[in-house]
Amino acid sequence: MSFRSVLRAQTADCHAEVDKLFGTFDLSDREQYRTFLRAHARVVPAAENALDEAGVVRLLPDWPERRRAQLLLADIGELGDRMPERLPPPPLHDEAALWGALYVLEGSKLGGALLAKSVPDALPSSYLTPRGPKGAIRIFMDRLDTSGVGDPAAAVAAARTLFDLFRKAGQLELEAVS
């Protein structure tokens, strides 16, 4: 079983829960879209910074081009809002944990591309439609599968923690507008 298959199988419940929660947002509605972006802003910048501090560029040399926090900040600013308080990032103590966090962030780009189709042209959507290197997700998955991580438990734990942070952020933002 490939490393990505292990991560997919062992985080499927978390992924489904986050997809269900974020699927409740109507991205064609300006306020709901803003709330959606704010939820992501509680997690993505802190997670990307934690990956930077842990030296992720040694695993993924094109990491700087993959970052999306600046796109998220720009979209939120264009909507006339400011960045919300960040949630603490997952602990990234070893290479396996870095791969687990990357798995969630890189995978969210695929979901974002699908969600971007429901965002009206009048709203900013650079976060959901990042322009990265051609074939970036395939390159990432190949590197993930050939990473040589022997015990995926730390990767699974980091991925599950990051999924949980997205869930918590979504709930916090929904509660704030209810």
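Computed values, structure above
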{"read-out": "Accessible area, probe 1.4 Å, largest first, for residues Thr35, Thr146, Thr129", "value": "Thr146, Thr129, Thr35"}
{"read-out": "Surface share of carbon and sulfur [accessible, 1.4 angstrom probe, percent] for the chain", "value": "53 percent"}
{"read-out": "Spin-label model distance (nm) - Lys20 vs Ser2, 7 Å beyond Cα toward Cβ", "value": "2.8 nm"}
{"read-out": "Solvent exposure of the chain as accessible area per residue, Å², 1.4 Å probe", "value": "49 Å²"}
{"read-out": "Protein-only accessible surface order, largest first, of Met141, Met83, Met1 at 1.4 Å", "value": "Met1, Met83, Met141"}
{"read-out": "Positive-pole candidate from Gly135, Cys14, Leu51, dipole of the chain, charges at beta carbon", "value": "Gly135"}
{"read-out": "Dipole magnitude of the chain, debye to nearest 20 (Cβ charges: Lys/Arg +1, Asp/Glu -1, about Cα centre)", "value": "280 debye"}
{"read-out": "Sequence of His93, His40 when ordered by accessible area, the most exposed leading, probe 1.4 angstrom", "value": "His93, His40"}
{"read-out": "Span-like helix ranges in the chain, DSSP H, alpha carbon extent 24 angstrom or more, Kyte mean at least 0.5", "value": "95-115, 153-177"}
{"read-out": "Neighbour cut-off at most 10 other Cβ (10 Å), DSSP loop, trypsin sites (Lys or Arg not before Pro), region 22-127", "value": "Arg82"}
{"read-out": "Region 68-178: C-alpha gyration tensor shape, a/c 1.5 cut-off, then a/b vs b/c", "value": "oblate"}
{"read-out": "Computed [θ] at 222 nm, helices only, for the chain once each DSSP H run of length n ≥ 4 contributes -39500 (n - 2.57)", "value": "-20500 deg cm²/dmol"}
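The values are calculated or read from the model by the stated rules, or taken from the named source; none is laboratory data. Nothing here was measured: the structure is a model prediction, and the numbers come from that model. Don't worry about glycine lacking a Cβ; one is built from the backbone with ideal geometry, like all the others, and counts go over all protein chains shown. In case anyone asks, the SASA skips ligands and DNA or RNA and just uses the protein heavy atoms, side chains included. Shrake-Rupley method; radii C 1.70, N 1.55, O 1.52, S 1.80 Å.
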